[in-house]
Amino acid sequence: MEKIGKYHVIRKLGEGATSAVYLCEDPFNKRQVAVKRVHPDALKDPERGHLFKKLFIAEAALAGKLIHPHIVSIFDAVTDEEEKYIVMEFVEGSTLEKFCDAAALLPVQTVVEIIFKITRALDFAHKVGVTHRDIKPANIMLVGDSDFDIKVTDFGAAITTSSNTTQVAGIGSPAYMSPQQVKEHPLDHRTDIYSLGVVMYQLLTGQLPFQASNNFSMIYQIVNTEPLPPSSLRNEIPRSVDGIVKKAMAKDLEDRYLEWDDFALDLAEAFRTEGASEEKSFADSEKFNTLRAMPFFKDFTDVEIWEVARFSEWQALGPGKTILREGEEGDYFCLLAAGQVKVTKRNKLLNILDSGECFGEMAYLSQEKRRGADISTMSDAKLITIHNVALEKASDATRSHFDRAFLTILVERLTMANVRLSSV
């Protein structure tokens with residue numbers, strides 16, 4: 001096979017019962033893509049053919065809808081009678097399966113960070129009306145070999161709130177199914193929350209929460225049995241993490257996390273608690289939550305917040321540290337995520353800036369790169385630095401939101417200046 005539609009085949013990446021995935025070259029967009037081509041025989045199967053076709057159409061319908069840094073993008077889909085395939089983002093890496101082995105477990109903090117990123121991806125999917133329904137390590141890709149950047153893939157079993165079709169039962173991997181899913185009850189995002197709890201358990205301990213020799217035994221345990229706490233299988237797991245897994249895997253919906261945000265918040269707090277005594281770089285979970293809480297970023301989407309988290313630089317500074325010097329040139333601006341800084345000119349105090357405020361933005365807004373004052377920390381501070389060149393390479397939507405935020409700040413400062421002048 002040399003081509004699938006307009007896509008030039010480079011090599012086969014893998015094959016399953018119903019489809020094969022190929023690495024292809026997209027000649028129009030000059031990029032490599034993964035093309036999942038459905039086996040024609042699978043769709044003709046007298047027992048399951050109708051189901052396979054239904055699932056393929058559901059996944060194809062998601063093309064262009066799930067654009068998120070932690071979700072594998074679906075670019076295109078072809079549903080002709082002769083040919084059926086889906087064109088996806090090609091992710092070079094492996095799945096999380098290799099880290100579910102007791103001999104290859106990741107640090108607890110890294111597991112918490114990975115699960116946090118997945119909650120953000122699945123929350124995004126939920127907000128556009130999509131429930132994955134087959135969350136498991138094999139459907140979570142690790143991008144490259146470092147930084148544990150992840151992407152959720154394979155939405156072939158997904159259900160959508162916009163669909164009027166009947167929910168198909170019996171779809172998913174039994175070991176990761178929620179009690180509601182194995183009972184074939186109506187499902188929403190909380191079934192994915194349960195499944196992600198199982199993935200977290202497995203990544204932490206190297207084993208599934210329920211051990212069974214057949215699906216019937218597995219289903220019985222999912223519905224009726226409480227698993228051992230992860231810490232009983234791995235001593236360094238703190239009780240706070242035990243509690244998160246337990247709540248995510250609660251059998252009754254009212255006891256489970258009701259929203260993805262609640263799950264993510266507990267993960268971020270547990271990570272900060274466990275890492276508080278160590279000197280290390282800022283975790284992505286902390287960056288995301290910090291930016292999301294700042295008024296400056298209130299109009300940014302979650303996708304744009306992730307973009308900012310990626311291209312910004314973060315520092316923890318003690319009191320008395322000079323950030324900007326009068327007269328020096330600079331091609332960056334800063335946002336104060338925590339603490340206080342003072343603005344001085346020739347040793348005269350001009351202003352005190354608190355957490356959430358930005359400074360040095362004129363280096364981006366104008367051609368003048370020379371700093372007009374000294375800025376230094378008055379307390380322990382968390383500083384976010386954004387270089388002009390990084391923002392210039394950002395998406396149009398992100399740059400537009402920065403421009404609007406800067407305009408709001410400039411109007412507020414002008415208003416305050418007018419008030420001061422009128423009171424003189």
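Give the range 341-380 a look and list any residue that's farther than 11 Å from LEU324 by Cα and either of a type in the set (Val, Ile, Thr) or in a helix (DSSP H, G or I) (or both), or say none. Answer for the range 341-380, where residues must be farther than 11 Å from LEU324 by Cα and either of a type in the set (Val, Ile, Thr) or in a helix (DSSP H, G or I) (or both): ILE352, MET362, ALA363, TYR364, LEU365.
In this structure, is ILE115 of a type in the set (A, V, I, L, M, F, W, C), closer than 16 Å to LEU265 by Cβ and crowded, with 18+ Cβ neighbours inside 10 Å? Yes: the conditions hold for ILE115.
For the range 339-358, the tally of residues that are among the aliphatic types (A, V, I, L, M) and surrounded by 15 or more Cβ atoms within 10 Å (Cβ to Cβ) stands at 3. Exactly one residue out of LYS36, LYS65 is outside the structural domain of THR160 (by TED's automatic domain parsing), touching a residue at least 12 places away in the same chain (Cβ under 8 Å) and surrounded by fewer than 18 Cβ atoms within 10 Å (Cβ to Cβ): that is LYS65. Filtering the range 366-393 to residues that are out of contact with any helix residue (DSSP H, G or I) (no Cβ under 6 Å at 6 or more places or on another chain) and either among the hydrophobic types (A, V, I, L, M, F, W, C) or not assigned by TED's automatic domain parsing to the domain that holds ALA337 (or both) leaves ALA373, ILE375, MET378, ALA381, LEU383, ILE384, ILE386, VAL389, LEU391.
Considering each residue of the range 381-398, count those that are part of a helix (DSSP H, G or I) and either touching a His at 6+ places or on another chain (Cβ under 9 Å) or surrounded by 14 or more Cβ atoms within 10 Å (Cβ to Cβ) (or both), and give that number. Break it down stepwise before answering.
Taking the range 381-398 as the starting set, the residues that turn out to be part of a helix (DSSP H, G or I) are 388-392, 396-398.
If we keep only those that are either touching a His at 6+ places or on another chain (Cβ under 9 Å) or surrounded by 14 or more Cβ atoms within 10 Å (Cβ to Cβ) (or both) as well, we get 388, 390-391, 398.
Matching residues across the range 381-398 total 4.
Among the residues of the range 153-166, is there at least one that is on the phi < 0 side of the Ramachandran plot and at pLDDT 90 or above? Looking for residues that are on the phi < 0 side of the Ramachandran plot and at pLDDT 90 or above, one finds at least one in the range 153-166, hence yes.
Out of all the residues in the range 284-298, is one or more among the basic types (Lys, Arg), at pLDDT 90 or above and more than 30 Å from ASP242 (Cα to Cα)? Taking every residue of the range 284-298 in turn, at least one turns out to be among the basic types (Lys, Arg), at pLDDT 90 or above and more than 30 Å from ASP242 (Cα to Cα). Residues that are touching a residue at least 40 places away in the same chain (Cβ under 8 Å) and assigned to a loop (DSSP other than H, G, I, E, B): does the range 119-126 have at least one? No: zero hits. Going residue by residue through the range 398-409, is there one that turns out to be modelled with pLDDT under 85 and among the basic types (Lys, Arg)? No: zero hits.
For the range 284-306, filtering for residues that are of a type in the set (Gly, Ala, Ser) and crowded, with 20+ Cβ neighbours inside 10 Å leaves 1. Here is the figure for the range 11-30: residues that are of a type in the set (Ser, Thr, Tyr) and either surrounded by fewer than 17 Cβ atoms within 10 Å (Cβ to Cβ) or more than 19 Å from LEU55 (Cα to Cα) (or both) total 1. Taking the stated definitions as given, is GLU329 at pLDDT below 90, closer than 30 Å to ARG120 by Cα and either buried (at least 19 other Cβ atoms within 10 Å of the Cβ) or outside the structural domain of LYS127 (by TED's automatic domain parsing) (or both)? Spelling it out, it is not the case that GLU329 is at pLDDT below 90, closer than 30 Å to ARG120 by Cα and either buried (at least 19 other Cβ atoms within 10 Å of the Cβ) or outside the structural domain of LYS127 (by TED's automatic domain parsing) (or both).
The values are calculated or read from the model by the stated rules, or taken from the named source; none is laboratory data. Keep in mind it's a predicted model, so treat the numbers as computed, not measured. In this analysis, Cβ positions are derived from the backbone assuming ideal geometry, glycine residues included, and neighbour counts consider all displayed protein chains.
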